[in-house]
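One structure is given here, and the rest of the page talks about it.
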Amino acid sequence: MADSSDFYQEQRGTGPGTAVQPTVSEIKQGFAAGPAAEPAPKLFQPLTIRGLTLKNRLAMSPMCMYSSHDGFATDFHLVHAGQYALRGVGLVVMEASGVAPEGRITPNCLGIWKDEHIPKLQQIVDFAHTNKAAIGIQLAHAGRKSSTT
């Protein structure tokens, strides 16, 4: 049996961020042009970069949320990044994530320096993929200006 997020996605059908063809009724009532209309605006057309195809050209830039403890992602991160995937963004980029604890911008920055960080990040990735969004992560090291000491 599929998990509940797959069930939800299947019930929802075409998700937000996807250009749809007008219905016959919309065309007849003059609310939309017929099938010979122009293609969807570029913003809603797929984009392929190397081997990655995005469902549209909407992207969420990484935003530092300063909401981690010891670098661990939380349900906050799942909801924050997940809301963009759920609403149709084609590419979600997770916030600056420290590759070493002493290189974080602040003590509350997301991290990816130990294996224990992976499970929650994997949950976020799985949710994005369930909603047909690509997801990436911004790797970060603040160098001598870090404030984690």
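The values are calculated or read from the model by the stated rules, or taken from the named source; none is laboratory data. Quantities reported herein were computed from a predicted structural model and do not represent experimental measurements. Reconstructed Cβ throughout: ideal geometry from the backbone, glycine too, with neighbour counts over all protein chains shown. The area values use the complete protein model at the heavy-atom level, side chains included, leaving out ligands, DNA and RNA. Shrake-Rupley method; radii C 1.70, N 1.55, O 1.52, S 1.80 Å.
Using the Karplus equation 6.51 cos²θ - 1.76 cosθ + 1.60 (θ = phi - 60°), what ³J(HN,Hα) coupling, rounded to whole Hz, does each residue of segment 82-92 give in order, writing x for Gly and Pro?
Running phi through 6.51 cos²θ - 1.76 cosθ + 1.60 with θ = phi - 60° gives x, 4, 6, 5, 5, 8, x, 5, x, 9, 10 Hz.
Starting at the first residue of segment 74-81, write each ³J(HN,Hα) from the Karplus equation 6.51 cos²θ - 1.76 cosθ + 1.60 with θ = phi - 60°, in whole Hz, x for Gly and Pro.
10, 4, 4, 5, 4, 5, 5, 6
What order, most packed first, do the peptides 65-72, 105-112 have when packing is the mean number of other Cβ atoms within 10 Å of each residue?
So the peptides 65-72, 105-112, ranked by packing, come out 105-112, 65-72.
Heavy-atom accessible area per residue, segment 110-149, 1.4 Å probe: how many Å²?
61
Amide H neighbours of F72 under 5 Å, counting only residues 5+ apart in sequence or on other chains, H built in-plane at 1.01 Å?
Excluding prolines and chain starts, which carry no amide H, the hits are G111.
Using each residue's phi in segment 127-133, evaluate 6.51 cos²θ - 1.76 cosθ + 1.60 at θ = phi - 60° and report the 3J(HN,Hα) Karplus result to the nearest Hz, with x for Gly and Pro.
5, 4, 5, 4, 9, 6, 9
What does segment 39-149 give for Rg and for Dmax, in Å, if only its C-alpha atoms count?
15.0, 54
Sequence-distant or interchain residues sharing an amide H contact under 5 Å with M94, placed H: which?
The list, which skips near neighbours in sequence, is G136, I137, Q138.
Give me, ordered by chain and number, the residues 5 or more places off Q45 or on other chains with an amide H under 5 Å from its own placed amide H.
For Q45, the qualifying residues are R57.
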